[in-house]
Amino acid sequence: MTDLHRLSIREISEGLAAAKFSSRELTEHYLKRIAKIDPQVRSYVTVTNEVALAQADAADALRQAGQATALTGIPVAHKDIFCTQGIKTSAGSKMLDNFISPYDATVVAQGKNAGLVTLGKVNMDEFAMGSTSESSFYGATKNPWALDHVPGGSSGGSAAVVAADLAPFATGTDTGGSIRQPASFCGLTGLKPTYGRVSRYGIIAYASSLDQAGPMARSAEDCAYLMNVMAGHDAKDSTSMDKAVEDYVANLNVTTLKGLRIGIPKQYFNVAGLDAAVKARVEESLKKLEELGAVLVEIDLNMTESYVPTYYLIAPAEASSNLSRYDGVRYGYRAENPQDILDLYKRSRSEGFGAEVQRRILIGTYALSAGYYDAYYVKAQKVRRLIQQDFLKAFEQVDVIAAPTAPTTAYKIGASLDPVEMYLGDIYTIAVNLAGLPAISAPVGFDQDHLPVGLQLIGNYWSESQLLSVVHQYQQATDWHTQRAAIAEENA
Ligand code: GLN
């Protein structure tokens with residue numbers, strides 16, 4: 001079969017079950033595509049050929065023995081922020097270029113238990129700080145829809161591999177939009193779950209009170225399959241919630257669009273940098289949802305102007321603390337010939353971290369320092385609570401909230417946005433993390449340059465099934481999610 005990469009996860013699962021092809025054939029098919037096509041996209045940091053083939057053979061053996069589950073033998077790509085035992089885990093940084101993880105992140109371990117086959121580790125902004133994947137030590141990943149554009153970030157590699165059909169689905173993490181924005185830039189569906197739904201154990205920390213992992217795939221249905229593997233309580237993560245996991249695939253039709261109240265925040269559609277084509281596509285998608293039975297309700301989210309300053313205090317503050325562990329002593333990059341211990345710290349960190357990471361460590365350290373702590377960090381925490389309350393008030397009126405995922409489509413590589421411009425591009429995604437809410441991005445069309453546009457739906461706590469099923473029903477009635485970039489049509 002030459003078109004295995006065109007199958008949905010359900011079709012792959014059924015094909016494996018009916019012995020139309022084996023996991024080995026499927027895995028070899030993807031590895032061949034990666035070898036042929038990835039040099040143009042540059043999405044993989046590490047391709048784990050041998051591991052993948054061994055896991056595929058093991059999956060085929062399990063199936064022979066009648067012990068296969070729905071996902072046994074299906075390949076996946078992991079963002080290079082998930083620790084993978086015996087495999088380099090770089091977080092896109094020179095600091096961890098030499099780091100071979102001694103253990104698996106819970107998400108990775110759960111994937112292995114479900115029989116997923118690891119194709120490799122994919123590129124990302126350094127320590128997940130960024131919106132373009134250009135801050136990676138390994139260089140920029142290309143957007144499969146237009147190779148001179150970025151795939152978004154920080155989970156840009158995860159988005160690019162799926163959009164180029166170099167993996168059927170991928171894991172990502174989202175601290176302020178890093179699943180949703182690259183999904184939007186690459187024409188995919190991506191779900192950021194409620195904080196605490198997916199274990200953070202073994203995920204290299206950026207901002208611990210905001211970080212959350214989730215699935216990235218072509219459709220809500222494909223995401224639901226991966227979500228079934230990722231979600232769950234984990235005693236090793238004290239912030240993971242001890243709450244029963246739903247069957248997200250079985251629940252794909254739990255929510256009906258008939259009478260679903262979708263909140264349209266006035267403030268969101270008046271943001272200065274909102275691109276006209278993005279606005280138009282999002283409005284068209286809302287009209288479609290209305291045709292399908294939803295009711296659009298105008299709402300107020302009065303804290304909108306505070307999102308960017310609040311996030312860009314809290315996230316760097318937590319990052320400065322989390323990244324203090326990289327000292328050149330315990331693991332990671334170590335500067336050569338240090339004169340003394342201070343020189344070792346200073347040069348290891350100056351040489352090991354890139355510019356954006358250093359900028360955030362500086363901002364965060366400043367905001368946490370004596371004298372400024374109350375004025376910046378504590379103040380930001382108070383505003384964070386107000387942002388959460390703003391959402392909770394809205395959810396008294398509506399079931400879900402609609403927004404663009406990003407104000408623009410994918411930037412050109414090297415567009416050299418200044419940092420503040422880049423931060424402003426996060427306006428629609430970061431409040432969701434500050435509030436700990438779940439949200440999903442789904443493709444809803446293209447701009448004049450045929451770059452994908454994403455619609456974001458924000459749900460109340462633990463509404464992952466609802467979000468997936470709303471998007472699933474939209475995708476039953478539309479075909480944006482089935483469209484492929486030209487490079488994905490190439491055969492290996
Ligand atoms: N772009 C945001 C940032 O740079 C979000 C990144 C993320 O979600 N990891 O912080």
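Using the Karplus curve 6.51 cos²θ - 1.76 cosθ + 1.60 with θ = phi - 60°, what ³J(HN,Hα) values do you get for each residue of segment 170-186, in whole Hz, with x for Gly and Pro?
Couplings: 8, 8, x, 10, 9, 9, x, x, 5, 9, 6, 5, x, 4, 5, 5, 10 Hz.
Working out 0.36 nm times the residue gap between Lys393 and Lys243, then minus their Cα-Cα distance, what length gain in nm do you get to one decimal?
Stretched out fully, the Lys393 to Lys243 stretch lengthens by 51.6 nm.
Could you tell me what percent of the DSSP beta bridges with both partners in the chain are antiparallel, to the nearest 5?
Counting only bridges with both partners in the chain, antiparallel ones make up about 70 percent.
May I ask you to sort Trp145, Trp480, Trp462 by Cβ crowding, counting other Cβ atoms within 10 Å and putting the fewest first?
Result, fewest neighbours first: Trp462, Trp480, Trp145.
Which order, highest average first, do 34-40, 167-173 follow once you tally other Cβ atoms within 10 Å for each residue and take the mean per peptide?
Final packing ranking: 167-173, 34-40.
Check Val295: other-chain or 5+ apart residues with amide H under 5 Å from its amide H, H built from backbone geometry?
Residues meeting the criterion, in which the H sits 1.01 Å from N, are Gly259, Leu260, Arg261, Ile262.
In deg cm²/dmol, rounded to 500, what helix-only [θ] at 222 nm does the chain give when every DSSP H run of at least 4 residues adds -39500 (n - 2.57) and the total is split over its residues?
Calculated mean residue ellipticity at 222 nm is -11000 deg cm²/dmol.
Could you order peptides 465-471, 410-416 by the average number of other Cβ atoms within 10 Å of their residues, highest first?
Result, highest mean first: 465-471, 410-416.
Hey, for a label at Gln358 modelled as a point 7 Å past Cα toward Cβ, could you say which residues of segment 196-211 have their backbone N under 13 Å away?
Counting backbone N atoms under 13 Å from the label point, the list is empty.
Starting from the Cα of Ser208, step 7 Å along the direction of its Cβ; do the same at Asp418; then give the gap between the two resulting points in nm.
Using points 7 Å along Cα→Cβ, the separation is 3.5 nm.
Apply the a/c threshold of 1.5 to the C-alpha gyration tensor of segment 386-492 and tell me whether it is rounded, prolate or oblate.
oblate
Can you list the residues of segment 286-306 with backbone N under 18 Å from a point 7 Å past the Cα of Thr256, pointing along Cα to Cβ?
Inside the label zone: 289-296.
Output ³J(HN,Hα) for segment 246-262: one whole-Hz value per residue in order, computed from phi by the Karplus curve 6.51 cos²θ - 1.76 cosθ + 1.60 with θ = phi - 60°, and x for Gly and Pro.
Values per residue, Gly and Pro as x: 8, 8, 5, 6, 4, 8, 4, 10, 5, 9, 9, 6, 5, x, 4, 8, 9 Hz.
Where the centre of each part is set by its Cα atoms, how far does segment 394-461 sit from segment 71-131, in angstrom?
25 Å
By how many nm would the segment from Glu351 to Thr482 grow when fully extended, if each residue of separation counts as 0.36 nm and the alpha-carbon distance is taken off?
Stretched out fully, the Glu351 to Thr482 stretch lengthens by 42.8 nm.
For Lys236 and Tyr372 in the same chain, what is the full-extension length gain: residue separation times 0.36 nm, less their Cα-Cα distance, in nm?
Answer, rounded to one decimal: 45.6 nm.
When you count, for each residue, the other Cβ atoms within 10 Å and take the mean per peptide, how do 378-388, 330-340 rank with the highest first?
Highest to lowest by the protection proxy: 378-388, 330-340.
No value in this document is a laboratory result; all are computed from the given coordinates. Keep in mind that this is a model prediction, so the values were computed, not measured. So basically every Cβ, Gly included, is an ideal-geometry build from the backbone, and we count neighbours across all protein chains shown.
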